[in-house]
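First up is the structure itself, then whatever we jot down about it.
The values are calculated or read from the model by the stated rules, or taken from the named source; none is laboratory data. Since we're looking at a predicted model, the values are computed, not measured. In this analysis, Cβ positions are derived from the backbone assuming ideal geometry, glycine residues included, and neighbour counts consider all displayed protein chains. Only protein heavy atoms, including side chains, enter the accessible area calculation; ligands, DNA and RNA are left aside. Shrake-Rupley method; radii C 1.70, N 1.55, O 1.52, S 1.80 Å.
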Amino acid sequence: MSQRKPAAAKAKSSKAKPVKTKGSPTAARAPHDKPAVLTVLNLHAAGIDVHSDMHMVCVPADSVRPHDADAAEGRPAHVRRFGANSCDLNAIAAWLTACAVTTVAMESTGVYWIPLFELLEARGFEVYLVEPGQLAHCGARPKTDVLDVQWIQRLHSYGLLRPSFRPPDWIMALRGYHRQRQMQVRYAASHVQHMQKALEQMNVKLSEVLADITGLTGRRIIAAILQGERDPCNLAALRDIQCHNDQETIAKALEGTWRREHLFALKQAYDLYQFHHQQMAECDQRIEAELAKLPNRADDKPFVPKPRKGGRKQNNLNFAAAEPLFKALGVDLTEIEGIDVATALVILAEIGVDVSRFPTEKHFASWLGVSPRQCESNKTKKKRGPRKGKNRIAMALRMAAQGLAKTKSSLAMFYKRIKSRIGGKGAITATAHKLACLVYRMLKYGKEYVKQSMEEYERKIKDQLERSLRRKAAALGYELVAKPAPQPA
């Protein structure tokens, strides 16, 4: 039976033994004489920890006097707690000015940072809106409000924080109206589902015979049902001449039970759908007014309107926005295959016209989240998808890339070629990356888009494949020889 070792002997035996290397004696590495010292780049930097009901502010320690410390709450002199009301925000700006602060860093916490950010920016401070993940990547620390704000101020003074992208103030109004319109579109879409549910509960198969119940035929039939019409033949007679199914097929689908509670639900859903579209019309008026205020960057370039393909959709803008967008952007982004007026408006409302914040098109695509992340360890590359996020431009470009599959263009051929290799999901992201690069070049250099024909794209891919085969043959010691063309009979 084995005996237990004493605690001291066990601790001594559990110590890690130094590894011996061939040709050199075992020796412990000497510690560094002095730790590495970071250089302070922002001498007059402050940090703010944003909350819903209060804000914690930290300024450089040498900018306040020692006796200003709040001994009752145990905070140092250069850290103060302020409220979140408008008078408190003015007090924060006044204290920062008194402490000779020129630049401020704050976390992007919900929407609580927006009033303070706009106030400080209007007062002349250089404000950094920092993504919370940057602070976590710089090292762990005890989690308190006082220590958090000191950590933000310290990292900002060393220049270790990067500001998030935010367009200029004259774009923010357009962004606000456009995002409000997108929210109304989502609300209206939810009430379309409520109408479909009410119709199905009455066994009215309107969704099965119409592609869209909010189209011209669907709205006519629903309005007639709510007005008291129950005869299927009279309801089917309201079909538009462009409807795919005939009147007899639609009449068979309109034989319902017409229960009162389901009719009441249908009426409320239809009224709410109409109300949200009225709200969208008001947003369109504001967007049109904001577009008219933007400077004309097109100069004397003529605008050539594109012919409309198909009829007007329910969620389309209520005004002709193609020409105002061309004047505001300076280029016609709708010349790119897959990008329509709605996508161009999303790009203008989200980033404006200046893309100089992004050094290259790769930086721009990475910010959008349509480029794969690089993960390499010991010369081994791991496959990782694009950065997760809900960037509005990226979502619009993905929808544009998805619609390219049914077109006849070089971008559609690119999409199909990538889809055959990595599948549809990866092909949509790769095509969105290509569209993002095209948008970046047009906005940065102000040049017109030159379409590439399908024949040119096929020839380009063929040349690339031929060069690749020649390199492989040369590496193996062979020579690639072209097959002679057959002689005519």
Close pairs from the range 183-207: first open to solvent by 50 Å² or more (accessible area, probe 1.4 Å), partner not β-branched (Val, Ile, Thr), Cβ under 6 Å, at least 6 apart: Tyr187/His276; His194/Ala269; Gln196/Ser207; Gln201/His262; Asn203/Gly256; Lys205/Ala253
Failed condition for Leu266, given (1) free of Cβ contacts under 8 Å to residues at least 24 places away in the same chain; (2) open to solvent by less than 30 Å² (accessible area, probe 1.4 Å), with all others met? (1)
Could you check, for the range 74-86, whether at least one of its residues is at pLDDT below 50 and either surrounded by 10 or more Cβ atoms within 10 Å (Cβ to Cβ) or basic (Lys, Arg) (or both)? no
Filter the range 430-489 down to residues that are of a type in the set (Asp, Glu) and closer than 30 Å to Pro302 by Cα, then give me how many there are. 3
Residues (open to solvent by less than 100 Å² (accessible area, probe 1.4 Å) and in a helix (DSSP H, G or I)) located in the range 246-260: Gln247, Thr249, Ile250, Ala251, Ala253
Yes or no: Arg286 more than 20 Å from Glu208 (Cβ to Cβ), in contact with a helix residue (DSSP H, G or I) (Cβ under 9 Å, 6 or more places away or on another chain), surrounded by 14 or more Cβ atoms within 10 Å (Cβ to Cβ) and among the basic types (Lys, Arg)? yes
Number of the exception - Gly389 against (1) among the small types (Gly, Ala, Ser); (2) at pLDDT below 90; (3) part of a helix (DSSP H, G or I): (3)
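Out of the residues in the range 91-107 meeting the condition of being farther than 14 Å from Met56 by Cα and not β-branched (Val, Ile, Thr), tell me which one is surrounded by the most Cβ atoms within 10 Å (Cβ to Cβ).
Of everything passing the filter in the range 91-107, Cys99 is surrounded by the most Cβ atoms within 10 Å (Cβ to Cβ).
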Selection from the range 159-176 of residues without any contact (Cβ under 8 Å) to a residue 60 or more places away in the chain and outside any loop (DSSP other than H, G, I, E, B) yields Asp169, Met172, Gly176
Restricting to the range 270-323, what's the tally of residues that are in a loop (DSSP other than H, G, I, E, B) and either small (Gly, Ala, Ser) or modelled with pLDDT of 95 or more (or both)? 5
Here are some conditions: (1) under 25 Å from Gln247 (Cβ atoms); (2) touching a residue at least 24 places away in the same chain (Cβ under 8 Å). Gly218 meets all but one. Which one does it not meet? (2)
